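Here's the structure, in structure tokens; my notes come after.
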Amino acid sequence: MKKLLYTSLVAMALGASACTAAQVQQTVDGVLAGTATGAPVTQSEVAAGLKQALEIGIKNGANQASQTDGYYKNSLIRIPFPQDVQRVENTLRKIGLGSEIDKFVMTLNRGAEDAAKSAVPIFVSAIKQMTIQDAWGILKGDKDAATQYLKRTTTTQLTNAFKPVIRQSLDKTNATKYYADLVNQYNQIPLVQKVNPNLDEYATQKAIDGLFTLVAQEEQKIRENPIARTTELLRRVFSKENQS
């Protein structure tokens with residue numbers, strides 16, 4: 001996989017631990033000036049470009065997730081029957097209630113699709129607080145560094161915001177009712193171990209996991225695919241990353 005041009009040259013010229021931030025920036029600017037047409041990319045431009053890229057990725061990911069079947073028909077993020085009560089699904093399918101299980105799983109994913117609409121403002125708020133140091137760390141980091149940054153800075157807030165939305169969405173799509181009906185039927189079976197899992201927490205976590213999966217996909221597109229860089233700033237910032 002191609003390495004960042006400026007990272008390689010800076011590492012060879014200065015060493016990772018022997019330089020001040022100003023020295024690193026001076027060398028990076030020199031490298032970029034020698035390999036690109038026009039002025040070198042500045043720290044401020046890198047930060048602005050990454051914020052722009054993240055906003056694009058987040059909006060694309062959230063829009064995809066919030067469409068009908070955005071979760072349900074996407075095998076990467078589809079929310080299955082809760083794993084910790086898998087025996088409920090297996091037992092109910094054996095006694096002919098498979099269609100009811102399928103109906104519940106569909107409404108569970110509908111709830112996540114409905115809740116995904118509320119994610120964008122939370123993500124955008126975290127992006128606005130990103131520092132120049134955060135931006136450089138992301139640009140020089142792994143291919144999902146931006147997604148990992150968002151996980152660190154938004155997961156708690158997303159969870160708190162998603163819980164009531166998920167609860168409302170699950171009620172609206174009847175997922176809560178279907179699940180309660182299924183569990184009640186299961187609990188009436190002789191000799192089974194009774195279950196009463198928290199559906200809200202399960203659905204909230206899975207919905208958030210799905211969003212981050214889609215955001216990571218969008219980040220990868222912008223890093224690796226020039227066509228995905230839809231603005232001049234994105235092309236300037238990310239063109240440096242893909243040079244060998």
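So the values come out like this:
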| quantity | calculated |
| --- | --- |
| Within the range 81-101, tally of residues that are surrounded by 12 or more Cβ atoms within 10 Å (Cβ to Cβ) and of a type outside the set (S, T, Y) | 12 |
| Hits in the range 227-238 (condition: at pLDDT 70 or above and surrounded by fewer than 17 Cβ atoms within 10 Å (Cβ to Cβ)) | T231, E232, R235 |
| G96 vs. criteria among the small types (G, A, S) and either more than 18 Å from A216 (Cα to Cα) or touching a Gly at 6+ places or on another chain (Cβ under 9 Å) (or both) | yes |
| Residue within the range 119-136 that is under 20 Å from D171 (Cβ atoms) and either in contact with a helix residue (DSSP H, G or I) (Cβ under 8 Å, 6 or more places away or on another chain) or of a type in the set (A, V, I, L, M, F, W, C) (or both) present | yes |
| Matching residues in the range 146-190 - criterion: being touching a residue at least 60 places away in the same chain (Cβ under 8 Å), outside any helix (DSSP H, G or I) and not β-branched (V, I, T) | N174 |
| Scope the range 43-99; condition part of a helix (DSSP H, G or I) and polar (S, T, N, Q); matching residues | Q43, S44, Q52, N60, N63, Q64, S66, Q83, Q86, N90, T91, S99 |
| Residue pairs meeting the criteria (Cβ under 7 Å; at least 6 apart or on separate chains; first over 17 Å from G70 (Cα atoms), in the range 93-121; second crowded, with 17+ Cβ neighbours inside 10 Å and charged (D, E, K, R)) | I101/E89 |
| Count - residues of the range 176-188 that are of a type outside the set (S, T, Y), out of contact with any Lys or Arg (no Cβ under 7 Å at 6 or more places or on another chain) and surrounded by 13 or more Cβ atoms within 10 Å (Cβ to Cβ) | 6 |
| Residue match in the range 86-105 (condition: within 24 Å of T159 (Cβ to Cβ) and modelled with pLDDT of 85 or more) | yes |
| So F104, is it assigned to a loop (DSSP other than H, G, I, E, B) and either assigned by TED's automatic domain parsing to the domain that holds E219 or surrounded by fewer than 16 Cβ atoms within 10 Å (Cβ to Cβ) (or both) | no |
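The values are calculated or read from the model by the stated rules, or taken from the named source; none is laboratory data. Values in this document were obtained by computation on a predicted structure and should not be read as measured data. Ideal geometry is used to build each Cβ from the backbone, glycine not excepted, and the neighbour counts take in all protein chains shown.
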